[in-house]
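Handing you a structure now.
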Amino acid sequence: KAGVTQTPRYLIKTRGQQVTLSCSPISGHRSVSWYQQTPGQGLQFLFEYFSETQRNKGNFPGRFSGRQFSNSRSEMNVSTLELGDSALYLCASSLGGDNQPQHFGDGTRLSIL
Amino acid sequence: AQTVTQSQPEMSVQEAETVTLSCTYDTSESDYYLFWYKQPPSRQMILVIRQEAYKQQNATENRFSVNFQKAAKSFSLKISDSQLGDAAMYFCAYRRQGGSEKLVFGKGTKLTVNP
């Protein structure tokens, strides 16, 4: 069974641009969560989707948005990029439900110049 | 809000020895889950072990075991017979029971295994 797939693996953008990151969950998984990982702030929760509905959202500005499609694939978008948005963005998927473990992808490394 | 604290930014251990990583957390909830994740340089976050708060018995997965002290809000990870492949960042994480799957992570402990 294929794991969680995140694309692209690396991305370089400049300030003011926007970016879209993609996450394909494990087949059959309906829950997708996104996290931002930086050396200073560590791992911070961005948002969570289940069956195309945003179930929870972290404390990030409105420039960060996401969505989930009917096939459970998810995208996150960051508009008007800032230098501080440079980070590793991790996606995790699960079947959904309390007793289900989350499986992480390899992440997308976003660098802002 | 829930918080997770890992007080050891870095730890080292000799191959074949035992090491314990510390984690404390703060929550007002009574039902929750605790996790240890491992992140090697390859970046992928790998689940090492999971503990349900309602279970008094400490979780064990092969060479990995936890010491869960609910009253003290402590959740340490013990790695026995350490191997070179255990070298990684280790993150302690909390998740409340019910609804959201949001994980709250500690800052991590970098574990070095010396041959």
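The values are calculated or read from the model by the stated rules, or taken from the named source; none is laboratory data. This is a predicted model, so every value here is computed, not measured. So basically every Cβ, Gly included, is an ideal-geometry build from the backbone, and we count neighbours across all protein chains shown. With ligands, DNA and RNA removed, areas are computed over all heavy atoms of the protein, side chains included. Shrake-Rupley method; radii C 1.70, N 1.55, O 1.52, S 1.80 Å.
Select from segment A:1-24 the residues that are of a type outside the set (A, V, I, L, M, F, W, C) and within 12 Å of chain B (Cβ to nearest Cβ) and list them in ascending order. Walk me through how you get there before you give the answer.
So the first thing to find is which residues in segment A:1-24 are of a type outside the set (A, V, I, L, M, F, W, C), and the list is A:1, A:3, A:5-10, A:13-18, A:20, A:22, A:24.
Hits for segment A:1-24 are A:Gly3, A:Thr5, A:Gln6, A:Arg9, A:Tyr10.
In addition: When the residues of segment A:21-48 are filtered to those that are of a type in the set (Val, Ile, Thr) and closer than 19 Å to A:Asp98 by Cβ, which remaining residue is least open to solvent (accessible area, probe 1.4 Å)? Steps first, answer last, please.
Here is the first cut: in segment A:21-48, the ones of a type in the set (Val, Ile, Thr) are A:26, A:32, A:38.
Pick out the ones that are also closer than 19 Å to A:Asp98 by Cβ and you get A:26, A:32.
Numbers: A:Ile26: 21, A:Val32: 0 Å².
Checking each candidate, the answer is A:Val32.
Now for a separate question. Restricting attention to segment A:73-103, report how many residues are open to solvent by less than 20 Å² (accessible area, probe 1.4 Å), at pLDDT 95 or above and closer than 13 Å to A:Ser33 by Cα.
Total meeting the criteria: 7.
Name the residues in segment B:79-115 that are of a type in the set (Lys, Arg), in a loop (DSSP other than H, G, I, E, B) and at pLDDT 95 or above, would you?
Step one: of segment B:79-115, the residues of a type in the set (Lys, Arg) are B:95-96, B:102, B:107, B:110.
Filter once more, keeping what is in a loop (DSSP other than H, G, I, E, B): B:102, B:107.
The answer is B:Lys107, and nothing else.
Please verify whether B:Ser30 is at pLDDT 95 or above, small (Gly, Ala, Ser) and more than 20 Å from A:Gly105 (Cβ to Cβ), treating the condition exactly as stated. Working first, answer last.
Details: at pLDDT 95 or above: no; small (Gly, Ala, Ser): yes; more than 20 Å from A:Gly105 (Cβ to Cβ): yes.
Considered against the rule, which asks whether it is at pLDDT 95 or above, small (Gly, Ala, Ser) and more than 20 Å from A:Gly105 (Cβ to Cβ), B:Ser30 comes out as no.
Could you list all residues from segment B:1-41 that are crowded, with 17+ Cβ neighbours inside 10 Å and more than 15 Å from B:Cys92 (Cβ to Cβ)?
B:Val13
Matching residues to (1) among the acidic types (Asp, Glu); (2) closer than 28 Å to A:Ser31 by Cα; (3) open to solvent by 70 Å² or more (accessible area, probe 1.4 Å); (4) within 11 Å of chain A (Cβ to nearest Cβ):
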{"position": "B:Arg43", "(1), (2), (3), (4)": "no, yes, no, yes"}
{"position": "B:Leu47", "(1), (2), (3), (4)": "no, yes, no, yes"}
{"position": "B:Arg50", "(1), (2), (3), (4)": "no, yes, no, yes"}
{"position": "B:Thr60", "(1), (2), (3), (4)": "no, yes, yes, no"}
{"position": "B:Phe64", "(1), (2), (3), (4)": "no, yes, no, no"}
{"position": "B:Ala71", "(1), (2), (3), (4)": "no, no, yes, no"}
{"position": "B:Lys78", "(1), (2), (3), (4)": "no, no, yes, no"}
{"position": "B:Tyr90", "(1), (2), (3), (4)": "no, yes, no, no"}
{"position": "B:Gln97", "(1), (2), (3), (4)": "no, yes, no, yes"}
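Further question on the same structure: Any residue in segment A:52-72 that is within 13 Å of chain B (Cβ to nearest Cβ), of a type outside the set (Lys, Arg), within 25 Å of B:Glu52 (Cβ to Cβ) and out of contact with any helix residue (DSSP H, G or I) (no Cβ under 6 Å at 6 or more places or on another chain)?
Looking for residues that are within 13 Å of chain B (Cβ to nearest Cβ), of a type outside the set (Lys, Arg), within 25 Å of B:Glu52 (Cβ to Cβ) and out of contact with any helix residue (DSSP H, G or I) (no Cβ under 6 Å at 6 or more places or on another chain), one finds at least one in segment A:52-72, hence yes.
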